C-alpha cells in the first residue's frame with residue numbers, strides 16, 4: 001500500500017466562515033457534529049503507525065469545520081504526533097482566527113511542537129474578493145499580506161490554497177496576478193484548484209453554487225496550457241497534481257475529492273476524532289478502522 005498524506009480531522013463542525021462551496025458541508029459528517037467528542041488516541045496511534053509504515057511524510061491537520069476554533073486540540077494533536085517524527089505537519093485554515101488573534105503566541109507554540117506549514121484557503125489575493133466569499137455581510141476580511149507576515153515571523157512556511165472559480169481566479173491573466181502576489185509576499189507554496197463537488201452531494205445549495213461557478217474543463221486546460229507554456233514542470237504527484245516553477249514561484253495545479261485508480265495506492269488516510277480511519281471524504285464505506 002502506498003499512502004501520500006495522513007489527514008487529521010480536528011474539532012467540530014463549527015466554522016467562522018460561510019464558503020458557498022464548502023467541501024466539508026457537501027460530504028458526509030462522518031461522526032463529526034457541533035459537539036466536542038473525546039479523541040480516540042489509541043486509534044490515532046494505529047493511524048500514525050500505518051502512515052509511518054507506508055512512508056507518509058506529511059500530516060495535514062484539518063477539520064469538518066474550522067480547526068483553529070479548537071486551538072488546544074491542535075496543540076494536543078501536535079504533542080501526540082511528536083514521537084512519530086513526521087517531517088512535515090501542516091495546518092489547513094481559513095486564517096480568520098489567526099489573523100484576528102492579538103498576538104502570535106499560538107503560532108509560536110505550534111512551531112515549537114512541530115508544525116511546519118500553515119495552509120491558508122482563499123479565492124483571491126484581494127481582501128474584498130475574499131470577503132465576498134468567506135464573510136459576506138460580516139466585518140471586513142483580514143489582510144492576507146499581514147497574516148502571511150505574522151506566520152513567517154515565527155518561522156513557519158505558508159501555502160496559499162486558492163480555490164479558483166468564475167469571476168475570481170478564472171483565467172491565465174488572473175492566475176499570473178495571483179502567482180505574482182504569492183511571490184511578492186514570499187509565500188513558499190501556492191496551490192490552485194477549481195471548486196468542485198462530490199458525486200453524492202449532501203448540500204443542495206452548495207451543489208448549485210459549485211455547478212454555476214466551477215471552471216469548465218476548457219478553462220482548466222487553458223490554465224494548464226498557460227503554466228506548461230510559461231512555467232517549468234518540476235514534479236508530478238501520483239494523484240495527478242502538477243507542480244511548476246513559474247518565474248521562481250512554486251505553483252501546484254491540483255484537484256480535490258479524487259479517488260486513485262491504483263488499487264495499491266491511497267491518496268490519503270483520514271483520521272476522525274471518534275477513531276474511524278478512512279481513505280475518502282465522499283464515501284463513508286471507504287473505512288479501514
Residue selected from the range 82-93 under the condition in contact with a strand residue (DSSP E or B) (Cβ under 6 Å, 6 or more places away or on another chain) and within 23 Å of residue 24 (Cβ to Cβ), by the criterion surrounded by the most Cβ atoms within 10 Å (Cβ to Cβ): 91
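So, residue 72, is that one without any contact (Cβ under 8 Å) to a residue 60 or more places away in the chain, in a loop (DSSP other than H, G, I, E, B) and either under 23 Å from residue 148 (Cα atoms) or out of contact with any strand residue (DSSP E or B) (no Cβ under 9 Å at 6 or more places or on another chain) (or both) or not?
Values: without any contact (Cβ under 8 Å) to a residue 60 or more places away in the chain: yes; in a loop (DSSP other than H, G, I, E, B): no; either under 23 Å from residue 148 (Cα atoms) or out of contact with any strand residue (DSSP E or B) (no Cβ under 9 Å at 6 or more places or on another chain) (or both): yes.
So residue 72 fails the test.
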Yes/no for residue 130 being closer than 30 Å to residue 240 by Cα, touching a residue at least 12 places away in the same chain (Cβ under 8 Å) and outside any helix (DSSP H, G or I): no
In the range 37-62, the residues that are on the phi < 0 side of the Ramachandran plot and part of a loop (DSSP other than H, G, I, E, B): 37, 38, 39, 40, 54, 56, 57
Qualifying position, being out of contact with any helix residue (DSSP H, G or I) (no Cβ under 8 Å at 6 or more places or on another chain) and buried (at least 19 other Cβ atoms within 10 Å of the Cβ), among 33, 7, 72: 7
Residue match in the range 15-26 (condition: modelled with pLDDT under 95, in contact with a strand residue (DSSP E or B) (Cβ under 6 Å, 6 or more places away or on another chain) and either assigned to a strand (DSSP E or B) or surrounded by fewer than 15 Cβ atoms within 10 Å (Cβ to Cβ) (or both)): no
Total residues in the range 93-124, condition in contact (Cβ under 8 Å) with a residue 60 or more places away in the chain, touching a helix residue (DSSP H, G or I) at 6+ places or on another chain (Cβ under 7 Å) and either within 16 Å of residue 162 (Cβ to Cβ) or in a strand (DSSP E or B) (or both): 1
Test result for residue 60, more than 22 Å from residue 278 (Cα to Cα), at pLDDT 95 or above, crowded, with 17+ Cβ neighbours inside 10 Å and under 18 Å from the mean Cα position of the chain (by Cα): no
Residue check for residue 265: surrounded by fewer than 17 Cβ atoms within 10 Å (Cβ to Cβ), at pLDDT 95 or above and in contact with a strand residue (DSSP E or B) (Cβ under 7 Å, 6 or more places away or on another chain): no
Condition check for residue 277: at pLDDT 95 or above, in contact with a strand residue (DSSP E or B) (Cβ under 9 Å, 6 or more places away or on another chain) and more than 30 Å from residue 145 (Cα to Cα): yes
Residue check, residue 166 surrounded by fewer than 18 Cβ atoms within 10 Å (Cβ to Cβ) and out of contact with any helix residue (DSSP H, G or I) (no Cβ under 6 Å at 6 or more places or on another chain): no
Those residues of the range 154-195 which are within 21 Å of residue 222 (Cα to Cα), assigned to a loop (DSSP other than H, G, I, E, B) and in contact with a strand residue (DSSP E or B) (Cβ under 9 Å, 6 or more places away or on another chain), in sequence order: 165, 168, 169, 170, 195
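The values are calculated or read from the model by the stated rules, or taken from the named source; none is laboratory data. Since we're looking at a predicted model, the values are computed, not measured. A quick note on method: Cβ atoms are made from the backbone with ideal geometry, for glycine too, and the neighbour counts reach across all protein chains shown.
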